[in-house]
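Engineer: Pasting a structure here, questions to come.
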């Protein structure tokens, strides 16, 4: 009988705000825009996309699309969602 597997979902392991912040910081350190969007999307899913979407004036499907695997959120969307997550963008020397 074949082994039974389940798809990996990073949101299942983001149990604390500290873990969520570290996860997003690592994505930013990597520098891949798709990975950054996906990490923010995973944290948003963990915290509740519906509430975040309502707070930033978007729809839940809009959040899922913007922060999904092939998402490309606008800077205004990125900034608004990060603010709802209690985070902000910061620039520092490389």
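Engineer: Would you confirm whether or not region 11-21 contains a residue that is within 23 Å of residue 93 (Cβ to Cβ) and either modelled with pLDDT of 95 or more or touching a helix residue (DSSP H, G or I) at 6+ places or on another chain (Cβ under 8 Å) (or both)?
Structural biologist: Residues of region 11-21 that are within 23 Å of residue 93 (Cβ to Cβ), as a first pass: 21.
When the remaining residues are screened for being either modelled with pLDDT of 95 or more or touching a helix residue (DSSP H, G or I) at 6+ places or on another chain (Cβ under 8 Å) (or both), the result is 21.
Checking region 11-21: at least one residue is within 23 Å of residue 93 (Cβ to Cβ) and either modelled with pLDDT of 95 or more or touching a helix residue (DSSP H, G or I) at 6+ places or on another chain (Cβ under 8 Å) (or both).
Engineer: Could you tell me which of the residues 55, 39 is part of a helix (DSSP H, G or I) and under 15 Å from residue 9 (Cα atoms)? Show your work before the answer.
Structural biologist: Numbers: 55 fails: under 15 Å from residue 9 (Cα atoms).
The conditions single out 39.
Engineer: Out of curiosity, is residue 59 without any contact (Cβ under 8 Å) to a residue 40 or more places away in the chain and surrounded by 12 or more Cβ atoms within 10 Å (Cβ to Cβ)? Can you show your working first?
Structural biologist: On the way: without any contact (Cβ under 8 Å) to a residue 40 or more places away in the chain: yes; surrounded by 12 or more Cβ atoms within 10 Å (Cβ to Cβ): yes.
In short, yes.
Engineer: Could we say that residue 44 is more than 13 Å from residue 86 (Cα to Cα) and in a helix (DSSP H, G or I) here?
Structural biologist: Working: more than 13 Å from residue 86 (Cα to Cα): no; in a helix (DSSP H, G or I): yes.
For residue 44, the condition - more than 13 Å from residue 86 (Cα to Cα) and in a helix (DSSP H, G or I) - is not met.
Engineer: I would also like to ask the following. Within region 22-36, can you find the residues that are touching a residue at least 24 places away in the same chain (Cβ under 8 Å) and more than 15 Å from residue 71 (Cα to Cα)?
Structural biologist: Step one: of region 22-36, the residues touching a residue at least 24 places away in the same chain (Cβ under 8 Å) are 24, 33-34.
Hit for region 22-36 is 24, nothing else.
Engineer: Taking region 1-32 on its own, how many of its residues are part of a loop (DSSP other than H, G, I, E, B) and under 18 Å from residue 44 (Cα atoms)?
Structural biologist: We begin by selecting, within region 1-32, every residue part of a loop (DSSP other than H, G, I, E, B); these are 1-9, 14-16, 31-32.
Keeping just the survivors that are under 18 Å from residue 44 (Cα atoms) gives 8-9, 14-16.
The qualifying residues number 5.
The values are calculated or read from the model by the stated rules, or taken from the named source; none is laboratory data. Small disclaimer: the values here were computed from a predicted structure and weren't measured. Methodologically, a virtual Cβ is constructed for each residue, glycine included, from the backbone with ideal geometry; neighbour enumeration extends over all protein chains shown.
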